[in-house]
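Take a look at the structure below.
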Amino acid sequence: MTDDQLLRYSRHILLDEIGVEGQQKFLDAHVLVIGAGGLGSPALLYLGSAGIGTLTVVDHDSVDLTNLQRQIIHDTARVGLTKATSAAQSIAAINPDVRVRALVERAGAERLHELVGAADVVLDCSDNFATRHAVNRACVAHTKPLVAGAAIRFDGQISVYDVRSAASPCYACLFPEDAGFEEVRCATMGVFAPLVGIIGSMQAAEALKLLAGIGPTLAGRLQMLDGRAMEWTEIGIERRADCPVCSQRRS
């Protein structure tokens, strides 16, 4: 670690739970973030400022004026620019040492398997069940921890799905692919701007904890936030022995 890095990351290094060893783990890490929108914005900014060595950002969309109410990694001058490129520019402005791979694409199942296999931790900051399930399948296949968040209107949720532990469920254990959950989008339902900041920041925190070995994480626990009352609810979640995604992987 250089003198500049020791200074830049000094407030992390002062923490007993992180120290020089933990900060070096951040510098050596590769984190994959799916989505550079409302959740991805704070997650990417905090991961970049924390010194994650390599950040791979996947987003096929471009910055729109309606995004700027909550997607804080973008700005007015970048309307029309691809979100992945815009995110890379913002991260570089905060921490030029971070290597950012900006992938302007909608990653399918095969591509996700390639990207997840190369990462240490995966953050799902997408906004649809099809992508969430595809990311989950790739994480289970490669035994990579997944930090998944969601936010709509005033309601947010977050959990960690870490199948490195035999007791930890995968995303499909909680939200089965054939359950037929209703797809809701912020474009039609709306979303409270600070809510995505809260959930996305927590996703970054869980990712850093996983990398540094600081526990416990949210594995096996789903936290839900009612942003109107600003009240948290937590429920325990268990892996399903008959889950079609992770049961065979662990048998």
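All of the numbers you see were taken from the coordinates with simple rules; none came from a lab. A quick note: this is a predicted structure, and the numbers were derived from the prediction, not measured. Note that we place each Cβ from the backbone using ideal geometry, even for glycine, and neighbour counts take in every protein chain shown.
Some notes on this structure:
- Projecting the Cα atoms of Ile94, Leu195, Gln223 onto the dipole axis of segment 3-236, where Lys and Arg carry +1 and Asp and Glu carry -1 at the beta carbon, places Ile94 farthest toward the positive end.
- Sorted peptide list for 47-60, 106-119, criterion being average Cβ within 10 angstrom, highest first: 47-60, 106-119
- Selected from Met224, Met202, Met189 as most flexible by GNM, with the chain as the system and alpha-carbon contacts under 10 Å: Met189
- If you take the alpha carbon atoms of segment 31-90 and fit the smallest convex hull around them, that volume is 65 Å³ per residue.
- Counting only residues at least eight positions apart within a chain, or on another chain, the lysines with an alpha carbon under 25 Å from that of Lys209 are Lys25, Lys144.
- Burial order of peptide ranges 91-100, 140-149, 8-17 (average beta-carbon count within 10 Å, highest first): 140-149, 91-100, 8-17
- Dividing the summed -39500 (n - 2.57) terms of all DSSP H runs of n ≥ 4 by the residue count of the chain sets its mean residue ellipticity at 222 nm at -10500 deg cm²/dmol.
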